[in-house]
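The values are calculated or read from the model by the stated rules, or taken from the named source; none is laboratory data. Quantities reported herein were computed from a predicted structural model and do not represent experimental measurements. Glycine also receives a Cβ, built like all others from the backbone with ideal geometry; neighbour counts cover every protein chain displayed. Surface accessibility is based on the protein's heavy atoms, side chains included, excluding ligands, DNA and RNA. Shrake-Rupley method; radii C 1.70, N 1.55, O 1.52, S 1.80 Å.
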Amino acid sequence: MLTRNCLSLLLWVLFDGGLLTPLHPQPQQTLDAEPRENVVPVSGRRSSAQRVKRGWVWNQFFVLEEYMGSEPQYVGKLHSDLDKGVGTVKYTLSGDGAGTVFTIDETTGDIHAIRSLDREEKPFYTLRAQAVDVDTKKPLEPESEFIIKVQDINDNEPKFLDGPYVASVPEMSPVGAYVLQVKATDADDPTYGNSARVVYSILQGQPYFSIDPKTGVIRTALPNMDREVKEQYQVLIQAKDMGGQLGGLAGTTTVNITLTDVNDNPPRFPKSIFHLKVPESSHVGSAIGRIRAVDPDFGKNAEIEYSIVPGDGGNLFDITTDENTQEGVIKLKKPLDFETKKAYTFKVEASNLHLDHRFQSVGPFKDTATVKINVLDMDEPPVFSKPMYTMEVYEDTPVGTIIGAVTAQDLDAGSSSVR
């Protein structure tokens, strides 16, 4: 038996040793082959070495899926060239669906499908045909196998089996940057017409993103998309079969796209001068105040390093970064004395730790601000003029005699008398 797929829509039958031919073939169903010479061993009629013309030619059989007609669907007519039309030949059918899906008229050889078929459930049926002598019950030809193929109709919409999708793309990406590829599957026959030919389009999400209609690859469509302006996008994708033509079936899915952060923003102080008031009694190493620069970036791109710009006034102080709040914590390095110096002024610089060379042309990724510290006077105890006094007095000195004096001074501003 030789089988060849001439048309993807159709089914064919090749009978080996005998031939069934449709007497009334439909033009789209039938494709005849030329008869071929072959040695056919038929006991009692011709020797095995005798060359005769084959009795069977092959044809394509098919049945339309989802048929809803009131009458059984006609498939084709099988006929043996040994059948002279006098009722001496009986046709039988066996194999997949014989009697339950397909029936054959024993006298005429007409084949019908007696129920609606679904190609996605079973795309073809393999059957066997036999021509038998009515009187002797003996086969007139060897049993032959053929196939009835279920022809597809567009009864399945494309489906996104992996949706909804989640994707991300860096902010400020150039136009055409790859985001994600989506894929819809169509259960219809990809070899028949356009029933399974899917075309992709964007229903919601323009003008920010585009999609390749054939491959389903999503790309950025606008330059300079800024995460700090809009971070989340929901894109609605449609897949339509029939090549996107009118009447095609469609399925949709959503793609949630997040713009990931890049370091495209330098830190900036919200004001140029910070005022702090610090008691002169503050301990060395203690935190005396906090300042903060603002960076709209996220994560490591927003990490800030603070430093005191060398110069007058800053040598008594140090600054570190609070990793949790990204604030600059100012600490005292040396003791303060209100009576010695009442105010200090110095500059602080805030800069990013992780730079992105692509955005360095925007300008320096750092900023400076002035810190002014006013030292607060504390009510300190009076201070003696000496840490120790030595006095001599004679024995038997009368009570009330002055033997010496000690002095103490209140160093606070606006000092009061000392008792």
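Between A187, A196, A221, the distinction of being outside the structural domain of E121 (by the TED database), of a type outside the set (S, T, Y) and farther than 30 Å from D118 by Cβ belongs to A221 only. The number of residues in segment 288-320 being touching a Ser or Thr at 6+ places or on another chain (Cβ under 8 Å) and polar (S, T, N, Q) comes to 1. Across segment 55-74, which residue is modelled with the lowest pLDDT among those that are open to solvent by 10 Å² or more (accessible area, probe 1.4 Å) and among the polar types (S, T, N, Q)? So the residue we want is S70. Against the numbered list (1) open to solvent by less than 80 Å² (accessible area, probe 1.4 Å); (2) within 30 Å of F298 (Cβ to Cβ); (3) free of Cβ contacts under 8 Å to residues at least 24 places away in the same chain, T401 comes up short only at (2). Residues in segment 202-214 that are aromatic (F, W, Y) and open to solvent by less than 50 Å² (accessible area, probe 1.4 Å): F209 alone.
Every condition in (1) open to solvent by less than 70 Å² (accessible area, probe 1.4 Å); (2) β-branched (V, I, T); (3) in a strand (DSSP E or B) holds for T108 except the one numbered (3).
Matching residues to (1) of a type in the set (S, T, Y); (2) in contact with a strand residue (DSSP E or B) (Cβ under 9 Å, 6 or more places away or on another chain); (3) within 30 Å of K333 (Cβ to Cβ):
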site	(1), (2), (3)
Q232	no, yes, no
G248	no, yes, no
G251	no, yes, no
I257	no, yes, no
F269	no, yes, yes
S272	yes, yes, yes
S281	yes, yes, yes
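When restricted to residues that are under 15 Å from V150 (Cβ atoms) and touching a residue at least 40 places away in the same chain (Cβ under 8 Å), segment 98-122 contains 10. Of all residues in segment 191-233, exactly one satisfies the criterion of being closer than 28 Å to G243 by Cβ and acidic (D, E), namely D212.
Of all residue pairs spaced 6 or more apart or on separate chains, those with beta-carbon atoms under 9 Å, a first member in segment 269-295 that is more than 25 Å from E339 (Cα to Cα) and of a type in the set (G, A, S) and a second member that is open to solvent by 50 Å² or more (accessible area, probe 1.4 Å) and in a loop (DSSP other than H, G, I, E, B) are A293/P270. In the set (1) in the same structural domain as E71 (by the TED database); (2) over 30 Å from L82 (Cα atoms), G163 fails one condition alone, (1).
Of the residues V169, V182, V262, V255, which is open to solvent by less than 50 Å² (accessible area, probe 1.4 Å), within 22 Å of the chain's Cα centre (by Cα) and more than 30 Å from H354 (Cβ to Cβ)? Explain how you work it out, then say what you get.
On the way: V169 fails: more than 30 Å from H354 (Cβ to Cβ); V262 fails: more than 30 Å from H354 (Cβ to Cβ); V255 fails: more than 30 Å from H354 (Cβ to Cβ).
Just one listed residue meets the conditions, V182.
Per the conditions (1) at pLDDT 95 or above; (2) within 18 Å of the chain's Cα centre (by Cα); (3) open to solvent by 20 Å² or more (accessible area, probe 1.4 Å), the sole criterion not satisfied by V199 is (2). Scanning segment 75-94 for residues that are buried (at least 16 other Cβ atoms within 10 Å of the Cβ) and either under 22 Å from D135 (Cα atoms) or modelled with pLDDT of 90 or more (or both) gives V75, L78, H79, S80, D81, D83, V89, K90, Y91, L93. What is the residue count in segment 237-252 for residues that are open to solvent by less than 50 Å² (accessible area, probe 1.4 Å), within 18 Å of the chain's Cα centre (by Cα) and touching a residue at least 40 places away in the same chain (Cβ under 8 Å)? Count: 3.
Within segment 221-236, being closer than 11 Å to Y208 by Cα and open to solvent by less than 50 Å² (accessible area, probe 1.4 Å) holds for A221, M225, Y233, V235.
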